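The values are calculated or read from the model by the stated rules, or taken from the named source; none is laboratory data. Because the structure is a prediction, the values reported are computed rather than measured. With ideal geometry, Cβ positions are generated from the backbone for all residues, glycine too; neighbour counts draw on all protein chains shown.
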């Protein structure tokens, strides 16, 4: 279990521990523990337990989905809605009983199952709500608002039980309520629809970026900043790239994209956020490709694209050299 | 690999391990600094984000360069093949140059240039054989697969990428499957590969990246043996599907199906047992994946229960098993049993938790509602989908 991802015997580390012990850099008990791990006498299966739990939740929710679709006539809507509600409640009650007290700082999960039972409970809740809406049309023509309810519940749960994964789900569900998902780039929708989608994506993206800033400034779950920031930038830059690639007035979109991408790169450089910087670089490059390849592809457009890539590489190397990553 | 590169890699291994020790509190800052001093690493090692970004940009530069030359010269088949070979040679030279410098060896650019160099060689060979030399498609494919196995292997040997080792092994098995008795060759070659590399991941004489490549080969070898002996693969002639002249898909002898069924059941358990016994996580993970595949195979032939029962029960079972394992390990003396623990030890828990956000969001985010949802004449089920693989978006 050496370092970030290496989880097998590492003879270089074994040799190093022996040398460091002989040089008195490592104390005896220290060397013994490190040696046990490096020699694979003690191995962690924590990641495997996490993966099994994730796969379990995935299969269970899929099974419930198939059950409802195939057998709703036989079982009856009330029984299905009741059973889903009960199962969700059981999970969430367990979570509430296990959870440590609320804090605006990062809170350690009480055990490895906590995050997954929370996820299962919330997914069952969302399924139940969706099913109730489908059967009883409580919201009528405003049925899509059930996504707003689900998103808000996810958001509250993420804050109460300090879960980045649930926060990510909340943000994408709220975006889905406004019609924004990976379908942003879909060509199946009409031009008017796409325009609305882009506007929604930009507004939500900016809102999430603002929330990322506020979470750090106000020290309210500051560790959520990465989830807010990355989701926001993906939506914002994705919408602008979509405008450059698909909109009739793509020149204006390109100008906006380049301005926003430059701002993102400049700010992320100062903040030491490499992922935000990378998102800015990729978005700007994609936008410029549209500019270069607006006509039939020629050797000069390819050449300029290659030169632009070399310029981007120089920028990346220079930024990495100077950026203090946080 | 160059001797200097191996030395840099070895130092990086120790420094990375020390980072984990420090993070877990097993050593203090003073000890950590002493380890860094004892194992100096002159290489600049950017984080994964920088490396992926750099590799992506190098890819864009190489593809656009090829596009520019192609558009400028509009070459015929032979000239295009030549152009690809020249670009490949240039890519290999750049790789050598980048690998030689500690400032550029680990930035992600060298891996990308080597990768595209190989792709250009294989593309050039394919075009040269099929278009310029008018070799028939099947023979050209054989030649490209064989060349692919050799080229990726040579690249792995020279620059040490485990990905290249995996590509070489996959190419080799695809080539073998096109020979007569391909399935038997998969079994033999897979077993031989496992036997050859099984001790290499622990071999100090090998460079760290070559040890990781050996681990990849071990997994590919096990997968090949399993793929050749799986009853579904046998029944559906999966391996034989790559053959030049596929024989008619007749029924298999019943004794062969029985043997394959037994192998499908036994192999994953044997790999799991091997993983548990040797405490090799990579084997344990492979065993779990093969076991899941065997259970899917079982479900294909034996309908023990309706799909929803199978999904729900297996999901619940997985959760129960995971919790039981965790509880058993926690309850044991010192939090460990048979050399296994549920503690994170020196891995980066924070990083794992951030990374798990991606699959959760990808799998469980509901489909987007239509933009003008309020105008819709009632619920159509699009927004209320159940999450999860295989789930429908309609009630």
Next item on the list: Working carefully through the options A:136, A:102, find the one that is over 26 Å from residue A:230 (Cα atoms) and touching a helix residue (DSSP H, G or I) at 6+ places or on another chain (Cβ under 9 Å).
Entry: A:136
Note to self: Would you confirm, using the coordinates I've provided, whether residue B:271 is in a helix (DSSP H, G or I) and more than 10 Å from every other protein chain (Cβ to nearest Cβ)?
What the structure shows: yes
Note to self: Can you pull out every residue in region A:15-39 that is outside any helix (DSSP H, G or I) and within 20 Å of residue B:208 (Cα to Cα)?
What the structure shows: A:39
Notebook entry, point to check: Out of region A:5-14, which residues are more than 7 Å from chain B (Cβ to nearest Cβ) and assigned to a loop (DSSP other than H, G, I, E, B)?
Noted result: A:5
Check: Assuming residue A:18 fulfils every condition listed in (1) more than 7 Å from every other protein chain (Cβ to nearest Cβ); (2) more than 30 Å from residue B:362 (Cβ to Cβ); (3) modelled with pLDDT under 90 apart from one, which condition is it?
Finding: (3)
Next item on the list: Kindly list the number of the only condition in (1) at pLDDT below 75; (2) closer than 23 Å to residue A:204 by Cβ; (3) at the interface with another protein chain (Cβ under 8 Å from one of its Cβ atoms); (4) not in a helix (DSSP H, G or I) that fails for residue B:393.
Entry: (3)
Check: When the residues of region A:303-326 are filtered to those that are in a helix (DSSP H, G or I), touching a residue at least 40 places away in the same chain (Cβ under 8 Å) and under 25 Å from the mean Cα position of the chain (by Cα), which remaining residue is nearest to residue A:290 (Cα to Cα)?
Finding: A:319
Note to self: Quick test for you: out of B:11, B:55, B:17, pick the one residue that is part of a helix (DSSP H, G or I), buried (at least 16 other Cβ atoms within 10 Å of the Cβ) and more than 10 Å from chain A (Cβ to nearest Cβ).
What the structure shows: B:55
Check: Of the residues that make up region A:83-106, is at least one crowded, with 21+ Cβ neighbours inside 10 Å, within 8 Å of chain B (Cβ to nearest Cβ) and either touching a strand residue (DSSP E or B) at 6+ places or on another chain (Cβ under 9 Å) or free of Cβ contacts under 8 Å to residues at least 60 places away in the same chain (or both)?
Finding: no
Next item on the list: From (1) surrounded by 15 or more Cβ atoms within 10 Å (Cβ to Cβ); (2) under 25 Å from the mean Cα position of the chain (by Cα); (3) modelled with pLDDT under 85, pick out the condition that doesn't hold for residue B:288.
Entry: (3)
Checklist line | Selected residue (only one of A:158, A:134, A:170, A:175 is at the interface with chain B (Cβ under 7 Å from one of its Cβ atoms) and assigned to a helix (DSSP H, G or I)) | finding: A:134
Check: Out of all the residues in region A:41-60, is one or more at the interface with chain B (Cβ under 7 Å from one of its Cβ atoms), farther than 30 Å from residue B:277 by Cα and either modelled with pLDDT of 90 or more or not in a helix (DSSP H, G or I) (or both)?
Finding: yes
Margin query: Given (1) surrounded by fewer than 20 Cβ atoms within 10 Å (Cβ to Cβ); (2) more than 7 Å from chain A (Cβ to nearest Cβ), identify the lone condition not met by residue B:339.
Written below: (2)
Margin query: Anything in region B:25-49 that is at the interface with chain A (Cβ under 9 Å from one of its Cβ atoms) and not in a helix (DSSP H, G or I)? List them, or say none.
Written below: B:26, B:27, B:39, B:44, B:46, B:47
Check: Assuming residue A:252 fulfils every condition listed in (1) free of Cβ contacts under 8 Å to residues at least 24 places away in the same chain; (2) within 12 Å of another protein chain (Cβ to nearest Cβ) apart from one, which condition is it?
Finding: (2)
